[in-house]
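Right, one structure below, let's go through it.
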Amino acid sequence: MHLHLTGQTVAVVGSSQGIGRAVAEAFVAEGCTVRGFDRALPAATAPFETTLGDVTSFPALQAFAATFGAIDHVVFTVGVGSGKFGFPFWNLAPSDWARVLDLNLIGAVNVAHAFAPGLLARGAGSLLVFTSVAGQIGSQTDPPYSAAKAGLINFMQCAAKDFAPHNVRVNALSPGMVQTALNESVWAAGQATLPASARQPYADWAAEKIRKISPLGRWQTPAEFAAMATYLASPHATNITGQTLNIDGGQVMHS
């Protein structure tokens with residue numbers, strides 16, 4: 001399938017590793033000019049430029065957006081947990097919430113505000129945000145993360161309605177179990193609460209969790225999200241807006 005993205009310009013926020021890097025590289029492979037934004041540079045040579053910055057800084061994102069003459073597509077891939085095991089929720093303190101909400105939700109709001117003028121001027125294009133199945137099922141593993149991603153789904157729907165008269169589409173992609181640093185941090189936080197005799201290696205923990213929660217019984221991969229991200233930016237998705245698409249092996253259905 002030809003995606004007809006050649007020559008378009010794409011901003012990928014959270015581009016240096018995991019799903020974000022896969023998304024950025026997929027747009028490059030489609031002939032797009034891609035610029036990334038992240039707190040750290042990619043660990044290995046990347047086929048796109050990266051601007052260092054923090055999504056909690058609206059001025060930094062405004063400056064990043066200003067580097068684009070015109071913008072066709074914006075992708076927000078940031079996902080950060082509390083680093084603690086949140087079941088029950090009172091295992092956490094209210095102070096554990098602010099950073100998670102700032103990065104996952106307010107960070108996306110900052111991105112949308114920073115790029116809105118360019119998207120409106122273009123009168124076309126798309127904004128894609130990455131949420132999580134945790135934002136749809138009330139995952140007890142990390143309540144601040146679940147709440148932030150649920151809020152992001154709602155904001156995505158609001159933004160889709162606001163942008164629609166300007167021919168700009170807004171959608172969300174929702175990962176399930178993906179082998180990323182974020183997924184491994186969930187394992188580490190949970191293991192820290194267990195006696196040494198009950199702890200599991202990451203591979204064993206993940207395999208058991210996938211068996212329990214995923215009807216398809218397998219990992220999802222960054223490449224799958226990259227493929228869907230490019231498709232949603234393409235003319236083939238011209239009537240898709242305001243949607244949360246799950247790539248989760250059936251996890252939300254199962255719940």
Completion exercise
Most packed first (mean Cβ within 10 Å per residue), the peptides 81-93, 22-34 order as 22-34, 81-93
Practice task
Kindly flag which residue pairs out of K84/K161; K149/K209; K161/K212 have an alpha-carbon separation exceeding 26 Å in this structure.
Solution key: K84/K161; K161/K212
Handout entry: Proximal charge balance of T33 [Cβ under 10 Å; K/R count +1, D/E count -1]
Key = -1
Handout entry: Rh by Kirkwood over Cα pairs, then Stokes-Einstein D for the range 174-255 at 1.567 mPa s and 4 °C, µm²/s
Key = 89
Exercise for the section: List every residue whose amide H lies under 5 Å from the amide H of R169, counting only residues 5 or more places away in sequence or on a different chain, with H placed 1.01 Å from N in the peptide plane. Expected result: G125, S126, L127
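Once you sort the root eigenvalues of the Cα gyration tensor of the range 8-64 as a ≥ b ≥ c, which label holds: rounded (a/c under 1.5), prolate (a/b larger than b/c) or oblate (the other case)? List each step's numbers first, then the result.
Working: a/c = 2.20, a/b = 1.42, b/c = 1.55.
The shape class here is oblate.
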Problem - Separation of the A188 and I153 label points, Cα + 7 Å toward Cβ, nm - result: 2.8
Fill in the blank from the handout: Using the Cα gyration tensor of the range 1-111, the equivalent ellipsoid's semi-axes, largest first and to the nearest Å, work out to 29, 15, 12
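What length, rounded to one decimal in nm, is gained on full extension from L101 through to S57, with 0.36 nm per residue of separation minus their alpha-carbon distance?
Numbers: separation 44, 0.36 × 44 = 15.84 nm, distance 1.36 nm.
Length difference between fully extended and current span is 14.5 nm.
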Problem - Low-density loop cleavage sites - trypsin sites (Lys or Arg not before Pro) in the range 165-214, where at most 15 other Cβ are within 10 Å (DSSP) - result: R199
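Any read-out appearing in this document is the output of simple, stated calculations on the displayed coordinates, not a laboratory observation. Bear in mind the structure is a predicted one, so any value in this text is a computation, not a measurement. Glycine gets a Cβ as well: all are built from the backbone with ideal geometry, and neighbour counts include every protein chain shown.
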